[in-house]
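The values are calculated or read from the model by the stated rules, or taken from the named source; none is laboratory data. A quick note: this is a predicted structure, and the numbers were derived from the prediction, not measured. Neighbour counts are summed over all protein chains in view; Cβ atoms, including those assigned to glycine, are modelled from backbone coordinates with ideal geometry. Surface areas here come from the heavy atoms of the whole protein model, side chains and all, with no ligands, DNA or RNA. Shrake-Rupley method; radii C 1.70, N 1.55, O 1.52, S 1.80 Å.
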Amino acid sequence: MAGFFCRGYGPVIWLIGSGGMLGTELSRVFAEAGMAYTGTDLEVDITQGASLEDFAEQRGPFRWIVNCAAYTAVDKAEEEAALCRRLNADGPAHIAALAGKTGGTLIHISTDYVFNGKGIYSGDPPERRPYREDDPPDPIGIYGRTKWEGERKVLEGTERAYIIRTAWLYGRYGKNFVTTMLDLMRKRDRLSVVRDQRGSPTWARNLAEVITAFIARGEEGRAVPYGIYHYSNQGDISWFEFAQRIYARGRDLGILTGDCRVIPCTSDEYPSRVKRPGYSVLDKTRLKEALGITIPEWDRSLEAFLKIIRGTDA
Ligand SMILES: NC(=O)c1ccc[n+]([C@@H]2O[C@H](COP(=O)([O-])OP(=O)(O)OC[C@H]3O[C@@H](n4cnc5c(N)ncnc54)[C@H](OP(=O)(O)O)[C@@H]3O)[C@@H](O)[C@H]2O)c1
């Protein structure tokens, strides 16, 4: 169990899914901010309401519950729909019911995959605009469908909930696009990457800081309104453009030494079991205004991330 109480003051937080990519990053940010938290992962199974209740009884009460646990294997989800639903819908339902009963505030993480990726068109002539929190979800696969179901269960289970939808997450502590690209670029001399899916990368560290800001605001008596918020880094690109930048900066920073040609391809040319949203750009106005923050541009965050992993085997 990754339990950790820091300096004995500050908010008492239960971080669920503390061993995952975002959960691990969040543990570090909480520790650096001197926020008292306890983290659990598989040892407190979110699909079992009773295990959650037992833990809360023994270690609570918690003023904040942050749920980073999820089923995140988008392709595999198509074959493991029942398991995926247990984790992404039933789990959040149990957690929200517990938060509702015990009075804690829940922060639940969701995804751009709740949208169909066709984009929303408005204006005259119509132009595609980023997805807002109140745009109608219409997921195209099991992962997105179960995550949307999870969102609804959270909102039904407690009035004190924040749902933060994010996209294209990468960081130091899990398998993700950036580390996968670096790995492949070391092994291959050419790499095809899709150019017809557009979105905004999100450095897990930046998202962890934003989650911490939600908690800090609540603790200071300046809680922002409950509900759904969107967060990713600023700016939007295709996966191909992202890969190009990873390669160029990876070379400049000495993380990559060999040559690799990054070649654009279309989703149809790329073998995948599941259809992915073509346009995943999220409108972050609500979050920016609520917290009064500026969101880092995707390329600056990538640069900071690459500098951190330089010299490691990531
Ligand atoms: N990754 C992305 O690109 C992305 C994009 C948009 C949104 N999100 C959302 O962001 C959140 C965090 O994603 P992530 O990439 O950090 O996920 P992750 O690395 O897959 O972490 C999920 C964690 O949950 C744990 N877990 C699995 N089953 C559990 C159970 N029954 N009870 C308790 N814990 C369990 C996992 O443990 P094991 O690893 O041992 O199974 C893992 O430590 C998720 O809600 C995800 O949907 C992710």
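Quick notes
- Contact order relative to length of the chain, as percent, for alpha carbon pairs under 8 angstrom and 6 or more apart: 19 percent
- Trypsin sites (Lys or Arg not before Pro) within region 208-314: DSSP coil, no more than 16 neighbouring Cβ in 10 Å: 222, 273, 275, 310
- The modelled label-to-label distance for the pair residue 129/residue 175, using points 7 Å beyond Cα in the direction of Cβ, is 3.8 nm.
- Principal-axis analysis of the Cα atoms of the chain puts helix 91-102 at an angle of about 30° to the longest axis.
- In the chain, the longest principal axis of the Cα atoms and the axis of helix 239-252 are about 80 degrees apart.
- Assuming charge only on the beta carbon of Lys and Arg (+1) and of Asp and Glu (-1), the dipole of region 32-83 about its Cα centre is about 320 debye to the nearest 20.
- If you sort 101, 76 by accessible surface, 1.4 Å probe, largest first, the order is 101, 76.
- Between residue 234 and 297, 298, the built amide H atoms are under 5 Å apart, and every one of these is 5 or more places off in sequence or on another chain.
- For region 89-217, the square roots of the Cα gyration tensor eigenvalues, ordered a ≥ b ≥ c, give a/c of at least 1.5 with a/b no greater than b/c, which places it in the oblate category.
- Rounded to the nearest 20, the size of the Cβ-charge dipole of the chain about its Cα centre is 600 debye, with Lys and Arg at +1 and Asp and Glu at -1.
- Whether region 21-106 is rounded, prolate or oblate, judged on the alpha carbon gyration tensor where a/c under 1.5 counts as rounded: oblate
- Anisotropy class of region 196-314 from Cα gyration tensor, a/c 1.5 cut: oblate
- Once the chain from residue 285 to residue 79 is taken as fully extended at 0.36 nm per residue, the excess over their C-alpha distance is 70.5 nm.
- Rounded accessible area per residue of region 1-128, 1.4 Å, Å²: 44 Å²
- Point-charge dipole on Cβ atoms (K/R +1, D/E -1) for region 129-246, about Cα centre, debye to 20: 580 debye
- Rounded to two decimals, the Cα radius of gyration of the chain over 2.2 N^0.38 Å is 0.99.
- Angle between the chain longest axis and helix 298-309 axis [Cα atoms, degrees, rounded to 10]: 80 degrees
- Of all accessible heavy-atom area on the chain, the percent that carbon and sulfur account for (1.4 Å): 47 percent
- When only Cα pairs below 8 angstrom with a gap of at least 6 residues are kept, region 182-314 shows a relative contact order of 43 percent.
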